[in-house]
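Heads up: the structure comes next, in structure tokens.
The values are calculated or read from the model by the stated rules, or taken from the named source; none is laboratory data. This structure is a prediction, so every number in the text was calculated from the model and none was measured. When we count neighbours, we look across all protein chains shown, and the Cβ atoms used for this are built from the backbone with ideal geometry, even at glycine.
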Amino acid sequence: MIHSAVQWLVETVSALGYPGIVALMFIESSFLPLPSELVMPPAGYLAAQGRMDPVLAVLSGTVGSILGALFNYWFAVTVGEPFLRRFGKYVLLRERHLDRSEAFFARHGEISTFIGRLLPVLRHLISIPAGMARMPLGRFVAFTGLGASIWCTVLVYIGWFVGRHETALQEGVVKAYSTQAVLYMLPALVLLLVGYVAWQRRRKSV
């Protein structure tokens, strides 16, 4: 039997439907601590039962992620870094996490908005340094949407896989599978980052 809390999440996602996924993933991409692992796997679990379309679930999650990222981007552009550092703690924005995301963006450039969507903690904060740096909006949306779509696909597949094998959808199971997915993706992300940096240097030298 599915744990009662997770069962509640499954039924909540089912009741809210695709607009609910958009809203929940918008929250996940903003400052509030709502892990995507609690939103998208239940959608995949429902897809395994024929109660949701997995493609529409991924699309809804991606749209919500982009909207939440745009909110963070706009917030960073509007209020600026000094305000965020002084008052960020009141919106659950810890300074050490802001430091980490800002350093990651400074080190890796615009591609970090894609890579960051696939890494814990950075996932919902990487939009802030992008906003501070006034990253071109079109590229910001493209990189964010690509990373978010991959991550939502991974999580929906985890929920679908668990549902198809009639295994209890538990938070620990989802966390284990999602951590494993990140570890599998890391080599590809490193290669992508190296290739992007090399391309950027070559373009600047021309």
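Of note, residue 70 does not satisfy the criterion of being part of a helix (DSSP H, G or I), modelled with pLDDT of 90 or more and surrounded by fewer than 16 Cβ atoms within 10 Å (Cβ to Cβ). Of all the numbered requirements in (1) buried (at least 24 other Cβ atoms within 10 Å of the Cβ); (2) at pLDDT 90 or above, residue 55 misses one, and that requirement is (1). The set of residues in segment 110-158 being more than 26 Å from residue 42 (Cβ to Cβ) and among the basic types (Lys, Arg) consists of 134, 139. Determine, yes or no, whether residue 177 is more than 21 Å from residue 77 (Cα to Cα) and modelled with pLDDT of 85 or more. No; evaluated as a whole, the condition is false for this residue. Residues in segment 19-31 that are assigned to a helix (DSSP H, G or I), touching a residue at least 24 places away in the same chain (Cβ under 8 Å) and either in contact with a helix residue (DSSP H, G or I) (Cβ under 6 Å, 6 or more places away or on another chain) or surrounded by fewer than 20 Cβ atoms within 10 Å (Cβ to Cβ) (or both): 19, 21, 22, 23, 25, 26, 27, 28, 29. A count restricted to segment 114-154 and to residues that are in a loop (DSSP other than H, G, I, E, B) and either surrounded by fewer than 24 Cβ atoms within 10 Å (Cβ to Cβ) or of a type in the set (Asp, Glu) (or both) stands at 7.
Scanning segment 78-112 for residues that are closer than 22 Å to residue 146 by Cα and either among the aliphatic types (A, V, I, L, M) or at pLDDT below 65 (or both) returns 103, 106, 111. Determine, yes or no, whether residue 16 is of a type outside the set (D, E, K, R), in a helix (DSSP H, G or I), modelled with pLDDT under 85 and over 15 Å from residue 151 (Cβ atoms). Answer is no for this residue.
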